[in-house]
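Each remark here refers to the structure printed beneath this line.
The values are calculated or read from the model by the stated rules, or taken from the named source; none is laboratory data. Bear in mind that the values here come from a model prediction, so they are computed numbers and not experimental data. Cβ placement follows ideal geometry from the backbone for every residue including glycine, while neighbour counts extend to all protein chains displayed.
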Amino acid sequence: MVAWFLKGGPFMWPILIVFIGGLVFVIERFFSLVKTSTHTRSFLKKIDITLKEQGVDAALEVCRSTPGSVSQIYLAGLSRADRGAVAVEKAIESAGSIEMSFLENNMIWLSTVVSLAPMLGFTGTVSGMVSAFESIAAANDIQPALVAVGISEALLTTLFGLIVAMIIQFFQNFFTFMIDKLVIKMEETSVDLVDTLETMEK
């Protein structure tokens with residue numbers, strides 16, 4: 001693998017830098033989304049019991065002490081519990097929009113890597129083919145040995161660029177799936193919160 005990398009020419013280094021940058025954002029998104037999912041499960045169990053048994057004030061304290069998107073939505077809704085269901089729903093919608101942007105944070109950089117890596121690979125391909133034709137022109141003869149280096153460079157940069165894009169694309173799709181699940185959970189819990197508050201008022 002190292003030998004192939006070195007044979008790929010100068011464009012392999014930008015591809016490697018882009019790949020490393022992509023992995024940094026992959027690690028950041030992974031831990032952030034897993035942490036959010038874990039906190040969400042434990043939070044929902046705790047908040048339901050607290051809200052029904054101890055009331056809104058105790059539930060607010062649970063929200064403030066729990067990080068995560070769902071807890072922030074509950075906090076926004078419960079903060080306006082005394083203003084009626086309509087105010088609660090509007091607060092939940094506003095908080096949901098904000099939390100959605102937090103969930104999708106840095107996803108744009110993964111998309112950038114997916115787009116940029118193959119482009120760098122194709123640029124390296126063009127560079128390698130130019131080198132091959134220059135070798136032919138300099139020797140005024142077409143021999144396999146003359147163009148082998150340039151063609152090898154061309155193919156390797158394309159190969160590595162596509163591999164980087166596929167790896168990052170996999171993680172991007174996986175994170176999108178996780179975000180979609182969290183959004184669905186946020187919507188479900190928001191409805192449950194409104195229903196619970198309405199039941200408590202009655």
Pairs under 6 Å by beta carbon, first residue free of Cβ contacts under 8 Å to residues at least 24 places away in the same chain in region 41-53, partner in a helix (DSSP H, G or I), six or more apart or different chains?
-> LYS46/VAL62; THR50/ALA58; THR50/ALA59; THR50/VAL62
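Which residue is surrounded by the most Cβ atoms within 10 Å (Cβ to Cβ), if the candidates are limited to region 78-121 and must be under 30 Å from LEU155 (Cβ atoms) and out of contact with any Gly (no Cβ under 7 Å at 6 or more places or on another chain)? Spell out the reasoning first.
So the first thing to find is which residues in region 78-121 are under 30 Å from LEU155 (Cβ atoms), and the list is 109-121.
If we keep only those that are out of contact with any Gly (no Cβ under 7 Å at 6 or more places or on another chain) as well, we get 109, 111-112, 114-116, 119.
On the way: TRP109: 18, SER111: 12, THR112: 15, VAL114: 21, SER115: 13, LEU116: 19, MET119: 14.
Looking at the filtered set, the residue picked out is VAL114.
With closer than 14 Å to LEU193 by Cα, at pLDDT below 85 and touching an Asp or Glu at 6+ places or on another chain (Cβ under 9 Å) as the only criterion, which of ASP82, ASP48 stands out?
Criteria check complete, one pass: ASP48.
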Within region 160-193, tally of residues that are surrounded by fewer than 16 Cβ atoms within 10 Å (Cβ to Cβ), over 13 Å from the mean Cα position of the chain (by Cα) and modelled with pLDDT under 90 | 6
Filter result for ALA58 (over 20 Å from LYS185 (Cβ atoms), free of Cβ contacts under 8 Å to residues at least 24 places away in the same chain and part of a helix (DSSP H, G or I)) = yes
Residue in region 76-96 that is of a type in the set (A, V, I, L, M, F, W, C) and touching a Phe, Trp or Tyr at 6+ places or on another chain (Cβ under 6 Å) present | no
Does region 86-95 contain any residue that is of a type in the set (Asp, Glu) and under 30 Å from the mean Cα position of the chain (by Cα)?
-> yes
Those residues of region 6-51 which are of a type in the set (A, V, I, L, M) and within 16 Å of PRO118 (Cβ to Cβ) amount to MET12, ILE15, LEU16, ILE17, VAL18
Residue identified as closer than 19 Å to HIS39 by Cα and of a type in the set (D, E, K, R) among GLU89, GLU104 = GLU104
Given the structure, is PHE43 at pLDDT 90 or above and surrounded by 14 or more Cβ atoms within 10 Å (Cβ to Cβ)?
-> no
